[in-house]
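The values are calculated or read from the model by the stated rules, or taken from the named source; none is laboratory data. This one's a predicted model, so the numbers in the text were calculated from it and none came from an experiment. Glycine gets a Cβ as well: all are built from the backbone with ideal geometry, and neighbour counts include every protein chain shown.
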Amino acid sequence: MAVGNGSLEDLVTENHEAAGGEAAGRDSEGRDAAASVGAWTGRSVFLTGHTGFKGSWLTLWLCRLGAQVHGYALDPPTSPSLFEEAGVAASLSSDTRGDVRSFERLRDSLEAARPDVVFHLAAQPLVLEGYRDPLGTLAVNAMGTAHLLEAVRAVDSVRAVVVVTTDKVYEEREPGRPYREGDPLGGRDPYSASKTAAEAVSGAYRWSFFGAQEGHPARVATARAGNVIGGGDWAADRLLPDCLRAFAAGETVRLRFPGAIRPWQHVLESLAGYLTLAERLLGAEGGRFAGPWNFGPLSADEATVGEVAQMTARLWGGGARLEHEPPPARPPEAGLLRLDASRAQVELGWRPRWALGEALERTVAWHQAWLRGDDMTAVSLDQIAAYEGAARA
Ligand SMILES: NC(=O)c1ccc[n+]([C@@H]2O[C@H](COP(=O)([O-])OP(=O)(O)OC[C@H]3O[C@@H](n4cnc5c(N)ncnc54)[C@H](O)[C@@H]3O)[C@@H](O)[C@H]2O)c1
């Protein structure tokens, strides 16, 4: 199969078949995943948040798979940004700079694109910013999702909607126990509450307006993934961007919570989950997949902040320095969040492909290529190709 034209499910299928296991490219009811060959070729996709970190990677990947991508977002949230450095604009079919708080502009843009698939990634994505601006965070993340789904009601071309939320939507109950999709939702801080609200809005729209009896053909799912790493992330208050910035400047990285355990996952893992989920929603039994899905790393990829910083420093090479400093007085972060992603593994055929070491290696390599002035479109597409290769291996 030509990698550039196949679907994620094809890759998963091939991998399972190569493994010869019972999963052999079929879901829990034994359906053959190979049915969706070329799922993305010629597909029209509307992607909110295309100027962001995940959105830029997803745009590059979708275009590589043959989709026509229409973006809707504010300007890139950082400078530099993956969007600019990897020249993502060049692959877009349309690029609308608009606010998800503006319902009319969002609806008009969606109507103009008339997509088959919608990925909703636009958000205020930072926990600390949620404490600084709770009203703004709720307006963008909760009402922005309502605006998006209300706009979808007006466009009957849409068949599949993936709303991206987070692992932080779960009510913190038993520390350490992995959360499953049916567990109660909560959200103690404003960011988590805004994403929990996005889940509630998605559920209400799914039940009320989308479904076999409701007349609109769209199937709506939500995707819950944890923090991700990868090249091209310049966001504030994230470990990898902080390390890479400091190493490049010859400065010492000061670790505030070196003993804190976190799950670590490469950005392409969660994006593979979103793509596979959308493919399932587009299928004949798409309604079965309309609902919430966890996409989390294997428990082997849990490591402390200190361990990850040390691994990153080793990969960086000479001159990388780390030290510990006392934790600052600031709003508390949630403890270790674990996701149980077995439903996605069994029913979608998705599973993590890159172990922590490989994810860090790819992230450092991307950043060092950027510092050398390499062609970052090519570097990013090469990493996507390598991920697809891992899915086939
Ligand atoms: N990066 C992670 O580790 C992570 C983890 C869990 C969930 N998520 C979720 O994934 C999605 C993407 O995250 P990211 O890391 O790429 O974030 P990012 O900050 O890099 O990108 C955010 C995108 O949303 C757009 N945006 C922000 N406010 C907007 C508004 N009012 N109207 C229109 N567009 C707006 C930005 O322009 C940008 O395109 C978010 O929904 C986030 O909550 C991210």
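Odds and ends about this structure:
- Count - residues of region 247-268 that are assigned to a helix (DSSP H, G or I) and either within 16 Å of the ligand (Cβ to nearest atom) or surrounded by fewer than 19 Cβ atoms within 10 Å (Cβ to Cβ) (or both): 4
- Unmet requirement for residue 377, which otherwise passes all of (1) within 19 Å of residue 296 (Cα to Cα); (2) in contact with a Ser or Thr (Cβ under 9 Å, 6 or more places away or on another chain); (3) modelled with pLDDT of 95 or more: (1)
- Hits in region 279-301 - residues which are more than 17 Å from the chain's Cα centre (by Cα) and either outside any helix (DSSP H, G or I) or closer than 21 Å to residue 264 by Cα (or both): 283, 284, 285, 290, 299, 300, 301
- Taking the numbered list (1) more than 20 Å from residue 232 (Cβ to Cβ); (2) surrounded by 15 or more Cβ atoms within 10 Å (Cβ to Cβ) in turn, residue 323 passes all entries but (2).
- For region 92-122, the tally of residues that are basic (Lys, Arg), within 10 Å of the ligand (Cβ to nearest atom) and either touching a residue at least 24 places away in the same chain (Cβ under 8 Å) or in contact with a Phe, Trp or Tyr (Cβ under 7 Å, 6 or more places away or on another chain) (or both) stands at 2.
- All positions within region 336-393 that are among the acidic types (Asp, Glu) and under 18 Å from residue 234 (Cβ atoms): 374
- Tabulated pairs, region 215-226, first free of Cβ contacts under 8 Å to residues at least 60 places away in the same chain, second more than 16 Å from the ligand (Cβ to nearest atom) and not in a loop (DSSP other than H, G, I, E, B), C-beta under 9 angstrom, 6+ apart or interchain: 215/209
- Checking 186, 144, 130, 182 one by one, the residue that is touching a strand residue (DSSP E or B) at 6+ places or on another chain (Cβ under 9 Å), farther than 20 Å from residue 275 by Cβ and crowded, with 21+ Cβ neighbours inside 10 Å is 144 and no other.
- The C-beta contact set for region 364-393 (first residue closer than 18 Å to residue 240 by Cα, second residue crowded, with 20+ Cβ neighbours inside 10 Å and aromatic (Phe, Trp, Tyr), distance under 8 angstrom, 6+ apart or interchain) comprises 380/57; 380/366; 383/366.
- Test: residue in region 164-181 that is within 11 Å of the ligand (Cβ to nearest atom), closer than 30 Å to residue 216 by Cβ, among the hydrophobic types (A, V, I, L, M, F, W, C) and outside any helix (DSSP H, G or I): yes
- Odd one out for residue 125 among (1) within 14 Å of the ligand (Cβ to nearest atom); (2) more than 27 Å from residue 379 (Cα to Cα): (2)
- Among the residues here, residue 228 qualifies as within 14 Å of the ligand (Cβ to nearest atom), hydrophobic (A, V, I, L, M, F, W, C) and within 16 Å of the chain's Cα centre (by Cα).
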